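Undergrad: A single structure is presented below for examination.
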């Protein structure tokens, strides 16, 4: 763990994240997914990158083979995201064989770079004269950001695995590219004024500053944040160029662009402490909550993959792109690191377990691009997409997952998320030799299926620090017991225990029950409907397992539910079983008020599965929001 990691030195962060290899997952929920990522998903995606011409583009740009560019203008970014995810995964597992998979790809990337540091195979092959001429649409800075992030992850993994020279090779490519960007864009004579049409490079430049300590990269990220809203790429709300970020009150436009921009601004704040920037982020977060699906998905419109108006949250026509869910986790995680507020972890956890995780099949080989909340049975996961941003983005999130469990600050360890695991976390500013101590934490839990958690804390010697335990907003309350103490903690907060720790244990009991959720009155499609939630999970009803169309199911507001365990596509899940009525309506679509024939009701039992697990069995209709039977006498 002797290497930098994200905001480990950021002066304006209340909490600092931990490296992926500091946590070892041992649960039945996340660990199998990380194993599938390692053995199935990452190798299969490398095959797809070869088959679809992504890697051939680098060979052609390097002069290693003939031919023209294949695919979309931003295809390079998919390769970079695969490198980042594979590097993080190899660091987590300590897997040198896996790490070596990246070497040939890194060599291709290095060989395709131009002498001045520029790299983008589309323009190298076919449009060299058009470099940097259409920042709004051509995604050059977006691709550059993903390359920088991939190089940093590769560098960190190489350090972790004892091969720093190899990691330095791709980092050198990123540094030459970043220096080229710094030289090209800005206010100074000889520079070009411009901002990316698709934000991404802002996060990357801040991370490169963290990795190298070179302030010019942080200044460049600030420039790209500050230059937005001045009409440099057309001035449209869709591209978030209509007003400076610090003056925005409403989040608009393309969902992924918006959330990447906010994530980059959050990174800039952690290094600069710009109060106006944080105030804007907090305002926009509040606005975002009125535009977020119950699953944590973002983006209600297929048109432009964009965010709609407040409470514009259609179900069957939800876009809720997987990339937007990934970005929602990223943004909320950063806001937690800035503020220490548990509401951001609640939002990140909701998006992680539901909207994001739904983007990949249970066997790790098929993907959703869009994530509707109701479906006729026609939406199915695909092996790949022409625009493959979502498959290569969900693997980035999964490879980063272990870092979401814990955070640290002076004299504090934050337990943000729960999973059976073992972790070694270094806490500083404590009563220990050298002012820091390594704390081993063993979590025993069946979360998210069960809310009971036991934490064992192990140290070489007695050490004073504060343990901060998150009580999720859904929990109602939590009973927490530790040596010499017992309390009932309120939901939606971190509960703090300050003491001198030895080899001690803490138990947390968060009752997990089935909850029926209702929507705001202005969410038009969800009037007279309820959604099923249990713990952090949102549930849905499929025809699979029920043999009826769930869009005709009405459920009582009060009833006993029970849970059953079952296996779908090799993964064990907990289903919710309840009772309801099937409504058989007359043939007429419309009828006069007071003269309509009452619906025929048939009593049925139904099974609901976690939303992330839908679409893994035979095709058929699905619904998250179910009719409430009291409105259908």
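Undergrad: Quick check on this structure: which one of 472, 483, 462, 491 is without any contact (Cβ under 8 Å) to a residue 60 or more places away in the chain, touching a helix residue (DSSP H, G or I) at 6+ places or on another chain (Cβ under 8 Å) and not assigned by TED's automatic domain parsing to the domain that holds residue 557?
TA: 491
Undergrad: Can you name the number of the only condition in (1) under 20 Å from the mean Cα position of the chain (by Cα); (2) over 30 Å from residue 525 (Cα atoms); (3) not in a loop (DSSP other than H, G, I, E, B) that residue 394 fails?
TA: Among (1) under 20 Å from the mean Cα position of the chain (by Cα); (2) over 30 Å from residue 525 (Cα atoms); (3) not in a loop (DSSP other than H, G, I, E, B), the lone unmet condition for residue 394 is (2).
Undergrad: Can you work out which of the residues in region 259-311 that are within 15 Å of the chain's Cα centre (by Cα) and without any contact (Cβ under 8 Å) to a residue 60 or more places away in the chain is surrounded by the fewest Cβ atoms within 10 Å (Cβ to Cβ)?
TA: Restricting to residues being within 15 Å of the chain's Cα centre (by Cα) and without any contact (Cβ under 8 Å) to a residue 60 or more places away in the chain, the top hit is 292.
Undergrad: Would you mind telling me which numbered condition in (1) out of contact with any strand residue (DSSP E or B) (no Cβ under 9 Å at 6 or more places or on another chain); (2) outside the structural domain of residue 360 (by TED's automatic domain parsing) residue 413 fails?
TA: (1)
Undergrad: Just one of the numbered conditions (1) assigned by TED's automatic domain parsing to the domain that holds residue 143; (2) crowded, with 20+ Cβ neighbours inside 10 Å is not true of residue 72; which one?
TA: Tallying (1) assigned by TED's automatic domain parsing to the domain that holds residue 143; (2) crowded, with 20+ Cβ neighbours inside 10 Å, residue 72 fails exactly one: (2).
Undergrad: Please go through region 463-485 and pick out each residue that is surrounded by fewer than 22 Cβ atoms within 10 Å (Cβ to Cβ), in a loop (DSSP other than H, G, I, E, B) and modelled with pLDDT of 95 or more.
TA: 483
Undergrad: I'm checking my understanding of the structure. Among residues of region 114-123 that are surrounded by fewer than 22 Cβ atoms within 10 Å (Cβ to Cβ) and touching a residue at least 24 places away in the same chain (Cβ under 8 Å), which one is farthest from residue 72 (Cα to Cα)?
TA: 116
Undergrad: Another one. Within region 323-343, does at least one residue satisfy the condition of being farther than 24 Å from residue 268 by Cβ and either buried (at least 17 other Cβ atoms within 10 Å of the Cβ) or in the same structural domain as residue 391 (by TED's automatic domain parsing) (or both)?
TA: Looking through region 323-343, none of the residues is farther than 24 Å from residue 268 by Cβ and either buried (at least 17 other Cβ atoms within 10 Å of the Cβ) or in the same structural domain as residue 391 (by TED's automatic domain parsing) (or both).
Undergrad: Does residue 253 fit the bill of being surrounded by fewer than 19 Cβ atoms within 10 Å (Cβ to Cβ) and modelled with pLDDT of 95 or more?
TA: The answer is no for residue 253.
Undergrad: For region 499-600, list the strands (runs of 3 or more DSSP E) that sit wholly inside it and hold at least 3 residues that are farther than 30 Å from residue 361 by Cβ; which are they?
TA: Qualifying strands (runs of 3 or more DSSP E): 504-509, 571-584.
Undergrad: Picking from 166, 202, 247, 222, which residue would you name as being out of contact with any strand residue (DSSP E or B) (no Cβ under 9 Å at 6 or more places or on another chain) and more than 27 Å from residue 10 (Cβ to Cβ)?
TA: 166
Every residue, every condition in (1) closer than 23 Å to residue 294 by Cα; (2) surrounded by 22 or more Cβ atoms within 10 Å (Cβ to Cβ), yes or no:
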{"position": "439", "(1), (2)": "no, yes"}
{"position": "497", "(1), (2)": "no, no"}
{"position": "519", "(1), (2)": "yes, no"}
{"position": "527", "(1), (2)": "yes, no"}
{"position": "538", "(1), (2)": "yes, yes"}
{"position": "543", "(1), (2)": "yes, no"}
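Rundown of residues vs (1) surrounded by fewer than 16 Cβ atoms within 10 Å (Cβ to Cβ); (2) touching a residue at least 60 places away in the same chain (Cβ under 8 Å); (3) farther than 17 Å from residue 107 by Cα, yes/no style:
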{"position": "34", "(1), (2), (3)": "no, yes, yes"}
{"position": "37", "(1), (2), (3)": "no, yes, yes"}
{"position": "51", "(1), (2), (3)": "yes, no, yes"}
{"position": "61", "(1), (2), (3)": "no, yes, no"}
{"position": "66", "(1), (2), (3)": "yes, no, yes"}
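Undergrad: Hey, another quick one. So is residue 187 surrounded by 21 or more Cβ atoms within 10 Å (Cβ to Cβ) and touching a residue at least 24 places away in the same chain (Cβ under 8 Å) or not?
TA: Taking the combined requirement at face value, the residue does not satisfy it.
Undergrad: Taking the conditions exactly as written (assigned by TED's automatic domain parsing to the domain that holds residue 304, over 22 Å from residue 57 (Cβ atoms) and crowded, with 24+ Cβ neighbours inside 10 Å), does residue 145 satisfy them or not?
TA: Answer is no for this residue.
Undergrad: Would you mention how many residues in region 349-387 are assigned to a loop (DSSP other than H, G, I, E, B), closer than 24 Å to residue 51 by Cα and touching a residue at least 40 places away in the same chain (Cβ under 8 Å)?
TA: The qualifying residues number 14.
The values are calculated or read from the model by the stated rules, or taken from the named source; none is laboratory data. Just so you know, these numbers come straight off a predicted model, no measurement behind them. Because the Cβ atoms are built from the backbone with ideal geometry, glycine has one as well, and the counts that use them run over all protein chains shown.
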